[in-house]
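The next block holds one structure in the form of structure tokens; read it before the comments.
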Amino acid sequence: MAVNWTEEQLQVIGARGQDVLVSAAAGSGKTAVLVERVLSRVTDTEHPVDIDRMLIVTFTNAAAAEMRERIRDRLMQKLEEHPDDAHMQRQSILVQRASIMTIHSFCLQVLRSHFHLIGLDPAFRVADEGELRLMEHDAAERLLRQEYEKALPEFLTLVESLSSGTQDEVLIDLLLQICHTAEGHPWPLEWLEACAAGEGEER
């Protein structure tokens, strides 16, 4: 069944030779448009691109699985329409190894393929959420110990204002909250410096 694309969607699907940034609300058909854009590149009569030469990243594993399924379904549909098309036959096979994954999975793949170039232990693994929380907490405690040793007046005033008795949990929680907020910005250090200078956005 033919899809009635909007003019804006057709612009996204057909755009070539330029960067494209698409901003659209949930449920507006972004996934369908991206699938069609991928298909249009694969089936381009002048400059076709093999599906396994593309990198298609999403934010969740569920979204990556859905994207792979949709692209495979559209390729199979095209193959049914043109069963003797050698290019489409090839794409229907290549899609099985296409790089359709989350950003984290792609980064992990790069690290596993090139660990020797950065001196990384090839047996490395990704920490789970619980381990990360413990590591963050330990790092915050080490930082506070270092600052206690320096005993700068500004730091001691902050501790006196936020800590309860001999416990620093409130200060640690605040420190980690600021850290997580900074990580949500494209340039975390610059954002923190702007905040320190009174120029950061209110959160």
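Rule-based calculations on the coordinates, nothing more; no lab input. Remember, predicted model here, so these are calculated numbers, not experimental data. Positions of Cβ are backbone-derived with ideal geometry, glycine not excepted, and every protein chain shown enters the neighbour counts.
Points to keep in mind about this one:
- Summed residue charge, Cβ within 12 Å of Ser23's Cβ, Lys/Arg positive, Asp/Glu negative: 0
- Among the listed values (1) 21; (2) 48; (3) 11, the one matching percent of Cα pairs over 30 Å apart as calculated from this structure is (2).
- Residue-count net charge about Ala127 - beta-carbon cut-off 12 Å; Lys, Arg +1, Asp, Glu -1: -2
- Total formal charge among the other residues, if their Cβ is under 13 angstrom from that of Thr60, Lys/Arg +1 and Asp/Glu -1: 0
- Positive-end residue, the chain charge dipole about Cα centroid, Cβ charges, pick of Leu134, Ala123, Leu176: Ala123
- Placing a pseudo-label 7 Å from each Cα along the Cα-to-Cβ vector at Leu10 and Ala151 gives an inter-label distance of 7.5 nm.
- Projecting the Cα atoms of Ser92, Cys195, Ile103 onto the charge dipole of the chain, computed from C-beta unit charges around the Cα centre, puts Ser92 farthest toward the positive end.
- Amide proton proximity set for Ser28, modelled H, under 5 Å, gap of 5+: none
- Helical mean residue ellipticity (222 nm; -39500 (n - 2.57) per DSSP H run of 4+; nearest 500) of the chain: -18500 deg cm²/dmol
- Under Karplus coefficients 6.51, -1.76 and 1.60, residue-wise ³J(HN,Hα) of the stretch 132-147 in Hz, glycine/proline x: 5, 4, 5, 5, 5, 5, 4, 5, 5, 5, 5, 4, 5, 4, 5, 5
- The stretch 15-34 and the stretch 54-113 have Cα centres spaced 17 Å apart.
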